[in-house]
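A short worksheet on the structure shown next.
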Amino acid sequence: MFSFTSPGMKFDTTQSTGEGLPTLRLHGQTCHRIGSLLPEEGKSPKYAQLYIFDTDNEVDNRMKCFKDNTNIDNNIVTQLKLVLDEYNPHAKAFRMARDMMKQTGYQELKLKLIADRSEEGRVYNHPTVSEVTALIVGDTDSGSKRDIIAQHRDGKLQRIYEFHKIYLAYQYPLIFPYGEDGYRPNILHKYKHEQVVTRKNSQTVKQWLYFRLQERTVEAKTLLHSRRLLQQFLVDGYTVMESERLNWLRKNQSKLRVGKYQKLNDQSQQQHRNQNHKRGRCVVLPLSFVGCKRFMD
C-alpha cells in the first residue's frame, strides 16, 4: 500500500492454501520497477503515484488498491501516511514534486533518484531529501548513468538497479521508515577518510544481510516480525546476493581459467558467423556456482 515501486515478480499462491509453514514462491526474475509520476488518463494511481496524484483523497485511493480486504483500518492507514510524511525523505521528495506540479499547473517535471550519496552512510545514517532525489525542469541534466529519472507521464516502467541504495527502501518503506540506505558497493567495514576500497575491507551483500537480520535490544524488531513480508525481503536480499556473485564472475573470467574453453568458444563463434548473428560475450560459470548446468551435472 505504501511502496514506491512495484515488485516485478509473479507470486505463486497455489502452495499457500494448505496447513503447515507459510511459503513464499516466486516465478521469473525478481526485480523492482517504478513508473511515471502521474498515471495515464483514466487510470487509477498506483505505488509512488499515490504520493502525488489526488492527495486530497489519498487514504481512500490507497484502500481501493486492496478493496477485497475489508479488515483494513482507515485510522491506521492515516497514521502511517503521517509518519512517512514526517520522517521518510523519499515521501517528502514526492510531496515536494506534488507541490511543484500544483504551482506550475502540472507542467513537465522529472524526479531524479540519485544513485551515489555524497555523505558516508555509516556516519550520517539518515539521508536528507537533497541527497536522495532532485527535481528536474527541462531536458538537460548531468547526472550519473545509474540515476533513475521518473518521467512526468509516459506510461513506462523502469527497472531499478539492484545495487541502487534505494532498492529496498522504496519497496519496503515501513521497514525503512527513515529512508535508510540499503546495500551498495564499496561499503567499508571501518570508516576511514580516503581509504582504498578492496575486497577484504569492504562489505558484501551477505554480510549486510546478516547485519540487518540481527536482533537488537535498542532497535525495533519490525523486520523480524513482518511475517510474509520478511520472506519477501529475504528473497529480494538473496537475489541481490546472486547478482553480486554473477557480477564478480563476469569481471573475473581470467581468474577462473576459462581459456580451456577457447575451442568451444571458437566453434560457437563460427556458427554465429554462418547464421549472421551478432554474438555477445561468453561468460563461463564455475562448478561452484549453485544452480548452473555444470553444478547440476
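The values are calculated or read from the model by the stated rules, or taken from the named source; none is laboratory data. Small disclaimer: the values here were computed from a predicted structure and weren't measured. Ideal geometry is used to build each Cβ from the backbone, glycine not excepted, and the neighbour counts take in all protein chains shown. Accessible surface is based on the protein model in full, side chains and every heavy atom, while ligands, DNA and RNA are left aside. Shrake-Rupley method; radii C 1.70, N 1.55, O 1.52, S 1.80 Å.
Solvent exposure of Lys165, expressed as accessible area, is near 0 Å², computed with a probe of 1.4 Å over the protein chains only. A simple count of charges around Thr204, restricted to other residues whose Cβ falls under 10 Å of its Cβ and scoring Lys, Arg +1 and Asp, Glu -1, yields +2. Leu209 exposes around 20 Å² of accessible area when a 1.4 Å probe is run over every protein chain in place.
Only protein heavy atoms count here; on that basis, with a 1.4 Å probe, Lys10 has an accessible area of about 140 Å². When peptides 197-207, 25-35 are ranked by their average number of other Cβ atoms within 10 Å per residue, the highest-first order is 25-35, 197-207. Rounded to whole numbers, the Karplus 3J(HN,Hα) couplings from phi for region 49-60 are 5, 5, 7, 10, 8, 6, 6, 5, 10, 5, 4, 5 Hz, using 6.51 cos²θ - 1.76 cosθ + 1.60 with θ = phi - 60°, and x at Gly and Pro. The apolar share of the surface of region 155-207, taken as the fraction of accessible area on carbon and sulfur atoms (1.4 Å probe, ligands and nucleic acids excluded), comes to 52 percent. Averaged over its residues, region 2-87 has an accessible area of 63 Å² per residue, based on protein heavy atoms and a 1.4 Å probe.
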